[in-house]
Amino acid sequence: MIIAERKLMEEIKRLVAPFKKVLVAGCGTCVAVCWAGGEKEVGILASQLRLARNAEGNKITVLEATVERQCEKEMVLELKDKVAEVEAVLSLACGAGVQTMAELFEDKPVFPAVNTTFIGKPEKEGLWTEMCGACGDCFLDRTGGVCPVVRCAKGLLNGPCGGTRKGGKCEIDPEKDCAWVLIYRRLEKQGRLALMREYNPPKNYRAVKRPGRIQAVKA
Amino acid sequence: MSKEIVAFCCQHSAYPAADLAGKSGLRYAENVRIIRVPCAGRIDVIHILKAFEKGVAAVLVLGCEEGACHHITGNDRAKERVKYAEMLLKEVGADGGRVKMYNLSPNAPHKFVKILDEVSKKIADEEKQK
């Protein structure tokens, strides 16, 4: 899923400083799971904004709303009436959600309240790690399902480098596992270690033309 | 009358302690508003923030003694949430010290009154200094 992190309060306050009535809009999918922009976080941010502005003696009215997915027009349109009431929107969705909202309500400024960071998975409660770089040329079949493009600090396609620490940790960050050690161990379990000796040619990083676009073929 | 202090009281510990304080004729600050909750773990950061939005002077979360939570880990969760609320309040320039978690047993009316008196006095002093 898409992982995001809330922006610093100072920055958010600055974004809405000229406005007296704003909507804090959350998204109930990825950003809700990574505790950045779900219904709960919408409530917290709205409350913090009111407290901050009250303390400054410059009151603000903050409306709150969360839709299931802010990257889908039909769902964002549910907010039409609320958006009409406010001067600006603070979106807690990922970049796709912010842009969908900005496209639908062109007459209102839509500001991001989170930084969209990466595609990842939860490791444990409150900890997410990057898993996929959306490179458009997946070769997880040759690496035992471990992606060295994002999980190796150097993005090596033919690893490991000479810097792997004892215990299979990365030389850049001793807290992180060396992706190539993980790949070796996985392939060993599968009896496919021969793949370690095979040369992986340079990846085609132009596999996805930016901006990416996929047209599904209807069955 | 000075600003209100909201005390979220767990119904298995602080609330019976408050009840006992009343039955024993103990007096505590009159600006304290007690809200009975099924467990301190029921309190979420949004409850604490909303209370401050309403203009309270302080929020107290009173739960069972450590290791004695009726719902096993409710008081531990409450402690973490209070810490988080403290951080959120500091982020908006408010006094994070105005939200506190205390642990007490149901048969501790004197401790209950002592906590409320201390907090109430501390707030009154701080208000005077402003």
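Here, each number is a calculation from the coordinates, and none is a lab measurement. Everything quoted here is computed from the prediction, not taken from an experiment. For neighbour counting, all protein chains shown are included, and Cβ atoms are generated from backbone atoms with ideal geometry for every residue, glycine included.
So the values come out like this:
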{"quantity": "Share antiparallel - DSSP beta bridges, the protein assembly as shown, percent rounded to 5", "calculated": "25 percent"}
{"quantity": "Cut-off under 5 Å, modelled amide H: who pairs with A:CYS132 long-range", "calculated": "A:ILE119"}
{"quantity": "Label-point gap, in nm, between A:ALA55 and A:PHE139 - each point 7 angstrom along Cα→Cβ", "calculated": "5.2 nm"}
{"quantity": "Contact order normalised by residue count of the range B:16-77, Cα under 8 Å, 6+ apart, percent", "calculated": "32 percent"}
{"quantity": "Candidate lysines for bridging to B:LYS50, where Cα separation is under 19 Å - those fewer than 8 sequence places away on the same chain excluded", "calculated": "A:LYS13, A:LYS21, A:LYS40, A:LYS59, B:LYS3, B:LYS79, B:LYS83, B:LYS90, B:LYS100"}
{"quantity": "Distant-in-sequence amide H partners of A:GLU68 (H built 1.01 Å from N, under 5 Å)", "calculated": "A:GLY28"}
{"quantity": "Ranked A:SER47, B:SER120, B:SER24, A:SER91, criterion: other C-beta atoms within 10 Å, fewest first", "calculated": "B:SER24, B:SER120, A:SER47, A:SER91"}
{"quantity": "GNM result for chain A, Cα springs below 10 Å: residue of A:GLY43, A:GLY168, A:GLY95 fluctuating most strongly", "calculated": "A:GLY168"}
{"quantity": "Relative contact order computed over chain A (Cα-Cα under 8 Å; 6+ residues apart), in percent", "calculated": "17 percent"}
{"quantity": "Per-pair calculated FRET efficiency, R0 = 56 Å: A:ASN200 and A:GLU10 via Cβ, rounded to 0.05", "calculated": "0.80"}
{"quantity": "Three semi-axes of the equivalent ellipsoid, the protein assembly as shown, Cα gyration tensor, whole Å, largest first", "calculated": "48, 29, 17"}
{"quantity": "Calculated from backbone phi, Karplus (6.51, -1.76, 1.60) coupling profile of the range A:130-143 in Hz, x at Gly/Pro", "calculated": "6, 10, 9, x, 6, 7, x, 9, 5, 10, 4, 5, 9, 10"}
{"quantity": "Antiparallel DSSP beta bridges within the range A:1-135, percent to nearest 5", "calculated": "40 percent"}
{"quantity": "Per-residue mean of C-beta atoms belonging to partner chains within 10 Å, peptide A:39-51", "calculated": "4"}
{"quantity": "Distance between modelled label sites at A:LEU127 and B:GLU80, nm, 7 Å Cα→Cβ extension", "calculated": "1.3 nm"}
{"quantity": "Cleavage-rule hits (chymotrypsin sites (Phe, Trp or Tyr not before Pro)) in the range B:40-130: DSSP loop, at most 16 neighbouring Cβ within 10 angstrom", "calculated": "none"}
{"quantity": "Length-normalised contact order for chain B - Cα pairs under 8 Å, 6+ apart - percent", "calculated": "33 percent"}
{"quantity": "Selection of GluC sites (Glu not before Pro), the range B:30-130, meeting DSSP coil and at most 12 other Cβ within 10 Å", "calculated": "B:GLU30, B:GLU66"}
{"quantity": "Ellipticity estimate at 222 nm from DSSP helix runs (n ≥ 4, -39,500 (n - 2.57)) divided over chain A, nearest 500", "calculated": "-8000 deg cm²/dmol"}
{"quantity": "GluC sites (Glu not before Pro) restricted to DSSP loop in the range A:127-219 with at most 10 other C-beta within 10 Å", "calculated": "A:GLU175, A:GLU198"}
{"quantity": "Proximal lysine pairs, the range A:91-219, alpha carbons under 20 Å, eight or more residues apart or interchain", "calculated": "10"}
{"quantity": "Where only C-alpha atoms are counted, convex hull volume of the range A:1-91 per residue in Å³", "calculated": "81 Å³"}
{"quantity": "Distance between the range A:1-74 and the range A:205-219 - C-alpha centres, whole angstrom", "calculated": "32 Å"}
{"quantity": "Pairwise centroid distance, computed over Cα atoms, of the range B:31-70 with the range B:98-130, Å", "calculated": "13 Å"}
